[in-house]
Amino acid sequence: VFTLGIDVGGTFARAAVVAADGRLVTVAKRALGERKPEAVADCVAHAVAEALEAARGVTIIGCGVGVAAQLNPSTGRVRVAPNLGWRDVPFGELLCARLGRPVWLLNDLSAAAYGEFYAGAGRGQRDLLTVFVGSGVGSAIIANGQLVAGIGGVAGELGHIKVVPEGGRRCGCGELGCLEAYAGGHNLIEQCRELVAQAGSPKLLALAGGDPSAITPVHLEEAALAGDPGAVRVYHQMRDFLGVAVANYVTMLNPARLILGGGVLSRLPALRRSVAEGVQRYASRVSLTEFQVVDAVLGDDSGLMGAGLLAAQHAQASHRITH
Ligand SMILES: [Zn+2]
């Protein structure tokens with residue numbers, strides 16, 4: 001049996017025909033043009049048509065869609081998708097109408113975590129914590145081999161725990177003081193630009209070739225390691241918030257592995273090390289006895305694979321309920 005695994009990020013929509021063992025049979029990728037929900041659903045439908053065309057006549061039993069959003073899988077409604085600028089969008093319905101089949105919406109990180117659990121860095125373990133730092137901060141919990149969803153489908157959102165309870169920075173989710181507002185790549189760049197606008201970090205500006213719009217998190221790490229005081233302040237704050245938050249998560253969940261990934265963590269080696277050290281320093285001793293920190297290994301494929309595998313599970317579960 002085969003399923004469709006779909007990933008809707010901030011820039012691309014990707015669709016794959018996924019085999020029962022998680023193998024990606026065909027993959028198609030489309031750049032998102034307009035961010036309007038209908039336009040994104042059209043774009044996904046084109047990618048799906050291309051992936052199906054290349055797979056030639058396979059039977060599809062389910063369709064899983066990972067979206068970079070806080071959403072409710074049982075209603076198919078996206079609550080907040082900062083990268084897409086969406087609030088309360090019935091994306092499941094829009095997709096279902098275009099694809100002519102039921103779709104199962106899930107958070108993109110949940111899909112990626114499930115892919116890593118099944119065939120990647122979490123293989124062989126049933127209790128995992130996955131934390132990805134890219135343009136945002138995403139995370140997912142797998143407990144006893146199952147994704148933890150919560151009553152509304154938004155459990156495990158490490159990016160939106162509060163690290164500054166009063167007067168914190170505005171997060172993409174609309175709330176104040178979230179971890180993502182300090183540690184997500186998008187917000188880090190914003191903090192760097194504010195710093196440079198106040199002439200607070202000559203080194204950072206120099207590394208970006210004098211152009212504030214060219215600043216990346218890599219420049220921030222370099223400037224901080226070179227001792228630039230403004231850059232050190234922003235970088236240390238991010239590093240400490242992230243280290244303590246992840247450590248507290250480890251204390252709470254006692255996972256066998258912490259899987260780290262995402263563009264910011266993979267391009268900032270000192271930050272990756274600091275997060276791992278922070279966990280060793282701040283997590284409770286007893287939660288660390290059989291614990292390992294590992295890197296995600298499947299790259300972009302984990303989300304497609306996880307969405308496809310979860311769609312198969314979901315299709316089989318609903319089949320059992322109806323018959
Ligand atoms: Zn938030």
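Rule-based calculations on the coordinates, nothing more; no lab input. Being a predicted model, the structure only gives us computed values, none of them experimental. Reconstructed Cβ throughout: ideal geometry from the backbone, glycine too, with neighbour counts over all protein chains shown.
A few points about this structure:
- Shape of the range 89-237, Cα gyration tensor, a/c cut at 1.5: prolate
- The range 97-158 and the range 182-196: distance between their alpha carbon centers, rounded to Å: 27
- Rg(Cα)/(2.2 N^0.38 Å) for the chain, N = residue count: 1.01
- For the range 263-309, the alpha carbon positions stretch 37, 25, 11 Å along the principal axes, listed from largest to smallest.
- Per-residue Cβ neighbour rank within 10 angstrom, fewest leading, Cys63, Cys43: Cys43, Cys63
- Summed over all non-identical Cα pairs, the Kirkwood treatment of the range 114-194 gives a radius of 13.8 Å.
- Each of Ser213 and Asp295 was given a label point 7 Å from its Cα along the Cα-to-Cβ line. The distance between the two points is 3.2 nm.
- Using all pairs of distinct alpha-carbon atoms, the Kirkwood hydrodynamic radius of the range 1-117 works out to 13.9 angstrom.
- Scaled to the globular estimate 2.2 N^0.38 Å, the Cα spread of the range 164-323, given as radius of gyration, is 1.27.
- Cβ-based charge dipole, the range 154-245, positive-most Cα from Ala231, Ala155, Cys178: Ala231
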